[in-house]
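So the structure is just underneath, and the comments pick up after that.
The values are calculated or read from the model by the stated rules, or taken from the named source; none is laboratory data. For clarity, every value in this text was computed on a predicted model and none was experimentally measured. All Cβ positions, glycine included, derive from the backbone under ideal geometry; neighbour counts span all protein chains shown. Surface areas here come from the heavy atoms of the whole protein model, side chains and all, with no ligands, DNA or RNA. Shrake-Rupley method; radii C 1.70, N 1.55, O 1.52, S 1.80 Å.
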Amino acid sequence: MKDKIMKKLPVGIEKFRKICTEGFYYIDKTGFIKELLDSWAEVNLFTRPRRFGKSLNMDMLRSFFEIGADASLFKGLQISEEKELCGKYQGQYPVISLSLKDVESDSYEMSYELLSGLIYDEALRLQWLLDSDRLTKYDKAPLQRILDQGFRNQAELCQCIKLLSGLLYKHYDKKVIILIDEYDVPLNKAYQNGYYDRMISLIRTMFSMALKTNDSLFFAVLTGCLRVSKESIFTGLNNFKVHSISDVRYDEYFGFTDEEVKKLLADYGMEEKYGEVKEWYDGYRFGQQEVYCPWDVLNYVSDHLADRSAEPALYWANSSGNMTVRDIIEQSTGTVRAEIEQLVSGGVVKKKIIPEMTYQDLASEDAEEKMTYLWSLLYNTGYLTDTERVTGGIHSLAIPNREVRLIFEQQILTWFSKAVKNDTAKLRNFCDAVKSGDAEEMQKLFNGFLRRSISIRDTAVRKGRKESFYHGILVGLMGSEDSWIVRSNPESGDGYSDILVEIPEDGVGCVIEIKYAEERKFDEKCMEAMRQIKEKNYAEQLRIDGLEVIHAYGVACCLKECRIVHEKL
């Protein structure tokens, strides 16, 4: 047990050899190798959200199959029990391995240069082929020219993977395994920056040569977040198999299963943290398997080794762009907003999901069609998950866990803040009401803002989270006044108030306490908030800071309605 506890956590480590040789903790996913060979397809595409172990699995494949690979890396792992399979395949094949995750730029020209550099580096790694006595000088000439001059044109770039695999095949008399990780990153960036057509043409030509018209290919594995339409990029590939997050096969090889997380926590003496980890980072459903996000779990354990009282953090949210959520919210109609409210409140929506798409589909002029593609994007990128098996193409979608729910809430608040700031007259009137102690006007305007927003319903979300949602809205509204000092959850008196506001130029201070009014008990909750302000002396810090006029507000909210009471302290 002590030896296991001392292992380093592989946060951000994507190299299989490094994990195996430098004392890192490893959750065994080598059964993936056997299943890949047993369920044979010449070209395999695995689509999973970011940070679910795709890159590590790809490097594991390379470490297993590549000629000259170190078999000792797999000692004691699941695949090592397959003696016949290991004898036939382990260390027996030349491998070309590329990751496109860094091929992203605001311009096509820069992305082209990045892709060229990536493939040139692979050619440079294989420069030893120039010394092969199994290759003629004519075989070697194209490689020598590329190494000397770089790629002179797009055709040479597109042909290079096929060229390298042909040279490896002739040298070893063994067909080649091609691994391409994060294949859709360049396409995503191209869509965002307006050069999608040029990039899709480049990638289509390259993949066609490497994967379709390549007699040197043994098999290929690609990974990405989205299953981009076969017609747009994989045209003519007959032996092409997509393994999406809806498929049962391979469902346990990307992400951590419940048993794996329990063992990990036990190995680090954190069994008591299981409930918290499950609430925050579990809930994804791949095929029939419920899985956790590995990036989240590893970061959580790492942080809690240093501080057992640390709060859970938005690890996955901070490593991925949230444009998808933003787009859904900003483009939502009344019906869609009601569905988002239902999701954020712990509910389920039933939606048709498009299994394959092009990024251009997101720009559809048909509003209903576009929303279908956006829901599909949310599902495929991990913001939503299935709650049950898919029937008739209709998915029962839900937010997977507390972390992703907070992402939605943050994006809702950001959208709300932008929308409200466009109505400058009402925003100024609201702030004037706060400053003057006019609770009636403040309540009237705040109700108006709430009616235009997305709310949190009385369902699965904890009371504290509901209160925090309205807390965030109020902070955003009052934060529009540049000269105001707005503090959230500051220590004051005998505890921590929700919001303290200081308006130095007017000598005015405000203390605001927010309650969620279950069953619409507005008056009761307003009074409870006001009692708390007085009993815990929340206004003390305002007095210390020399503010002469102090307003106390008890705010009670439910759905899109609020009540506000006021006293001058």
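Observations
- Lone unmet requirement of (1) charged (D, E, K, R); (2) over 31 Å from the mean Cα position of the chain (by Cα); (3) surrounded by 15 or more Cβ atoms within 10 Å (Cβ to Cβ); (4) part of a helix (DSSP H, G or I) for R465: (2)
- Residues that are assigned to a loop (DSSP other than H, G, I, E, B) and among the polar types (S, T, N, Q), drawn from region 13-30: T30
- Residues in region 74-132 that are within 26 Å of E22 (Cβ to Cβ) and among the acidic types (D, E): E81, E82, D102, D121, E122.
- Qualifying residues in region 198-214 (those that are in contact with a helix residue (DSSP H, G or I) (Cβ under 8 Å, 6 or more places away or on another chain) and among the charged types (D, E, K, R)) - the one surrounded by the most Cβ atoms within 10 Å (Cβ to Cβ): R204
- Test: residue in region 401-413 that is at pLDDT 80 or above, open to solvent by 10 Å² or more (accessible area, probe 1.4 Å) and more than 36 Å from the chain's Cα centre (by Cα): no
- Looking across region 48-67, the residues that are in contact with a Ser or Thr (Cβ under 7 Å, 6 or more places away or on another chain) and open to solvent by 40 Å² or more (accessible area, probe 1.4 Å) come down to R50, R51, R62.
- Taking each residue of region 522-539 that is small (G, A, S) and looking for partners that are not in a helix (DSSP H, G or I) with beta-carbon atoms closer than 6 Å, six or more apart or interchain, yields A529/E513; A529/K515; A529/G554; A539/V511; A539/I550; A539/L569.
- Breaking point among (1) on the phi < 0 side of the Ramachandran plot; (2) in contact with a helix residue (DSSP H, G or I) (Cβ under 9 Å, 6 or more places away or on another chain), for M6: (2)
- Applying the criterion of being of a type in the set (S, T, N, Q) and either without any contact (Cβ under 8 Å) to a residue 24 or more places away in the chain or in a helix (DSSP H, G or I) (or both) to the residues of region 367-408, the residue that is farthest from I454 (Cα to Cα) is T391.
- Counted residues, region 347-397 - those being of a type in the set (S, T, Y) and open to solvent by 20 Å² or more (accessible area, probe 1.4 Å): 7
Matching residues to (1) exposed (fewer than 15 other Cβ atoms within 10 Å of the Cβ); (2) among the hydrophobic types (A, V, I, L, M, F, W, C); (3) outside any helix (DSSP H, G or I):
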| position | (1), (2), (3) |
| --- | --- |
| C86 | no, yes, no |
| S97 | no, no, yes |
| K101 | no, no, yes |
| S105 | no, no, yes |
| Y112 | no, no, no |
| Y120 | no, no, no |
| L124 | yes, yes, no |
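- Per-region count, region 332-346, residues touching a strand residue (DSSP E or B) at 6+ places or on another chain (Cβ under 7 Å) and under 20 Å from Y470 (Cβ atoms): 2
- For K435, the conditions (1) touching a helix residue (DSSP H, G or I) at 6+ places or on another chain (Cβ under 9 Å); (2) open to solvent by less than 20 Å² (accessible area, probe 1.4 Å) are fulfilled apart from (2).
- Qualifying residue in region 523-543 (condition: of a type in the set (S, T, Y) and either surrounded by fewer than 21 Cβ atoms within 10 Å (Cβ to Cβ) or under 21 Å from D432 (Cα atoms) (or both)): no
- Matching option when the condition is loosely packed, with under 15 Cβ neighbours inside 10 Å and of a type in the set (S, T, Y), among Y138, Y183, Y169: Y138
- Residue that is nearest to K536 (Cα to Cα), among those in region 486-503 that are without any contact (Cβ under 8 Å) to a residue 24 or more places away in the chain and not hydrophobic (A, V, I, L, M, F, W, C): Y496
Every residue, every condition in (1) touching a residue at least 12 places away in the same chain (Cβ under 8 Å); (2) closer than 28 Å to F207 by Cβ; (3) open to solvent by 70 Å² or more (accessible area, probe 1.4 Å); (4) touching a strand residue (DSSP E or B) at 6+ places or on another chain (Cβ under 6 Å), yes or no:
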| residue | (1), (2), (3), (4) |
| --- | --- |
| V11 | yes, no, no, no |
| I19 | yes, no, no, no |
| Y26 | yes, no, no, no |
| F46 | yes, yes, no, yes |
| A69 | yes, yes, no, no |
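One line per residue, one yes/no per condition, for (1) in contact with a Ser or Thr (Cβ under 7 Å, 6 or more places away or on another chain); (2) at pLDDT 75 or above; (3) among the hydrophobic types (A, V, I, L, M, F, W, C):
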residue: V344; (1), (2), (3): no, yes, yes
residue: K352; (1), (2), (3): yes, yes, no
residue: L378; (1), (2), (3): yes, yes, yes
residue: L384; (1), (2), (3): no, yes, yes
residue: I399; (1), (2), (3): no, yes, yes
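- Here region 286-299 is the region considered, the condition is being open to solvent by 50 Å² or more (accessible area, probe 1.4 Å) and either touching a Lys or Arg at 6+ places or on another chain (Cβ under 9 Å) or hydroxyl-bearing (S, T, Y) (or both), and the residue that is nearest to A317 (Cα to Cα) is W295.
Rundown of residues vs (1) surrounded by 19 or more Cβ atoms within 10 Å (Cβ to Cβ); (2) modelled with pLDDT of 95 or more; (3) of a type in the set (K, R), yes/no style:
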site: T257; (1), (2), (3): no, yes, no
site: K262; (1), (2), (3): no, yes, yes
site: Y274; (1), (2), (3): no, yes, no
site: N318; (1), (2), (3): no, no, no
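- Exactly one residue out of V461, V420 is touching a Ser or Thr at 6+ places or on another chain (Cβ under 9 Å), modelled with pLDDT under 80 and closer than 30 Å to Y284 by Cα, and it is V461.
- Conditions (1) open to solvent by 30 Å² or more (accessible area, probe 1.4 Å); (2) at pLDDT below 85: number failed by E491: (2)
- Lone unmet requirement of (1) surrounded by 18 or more Cβ atoms within 10 Å (Cβ to Cβ); (2) under 30 Å from L378 (Cα atoms); (3) out of contact with any Asp or Glu (no Cβ under 9 Å at 6 or more places or on another chain) for S39: (1)
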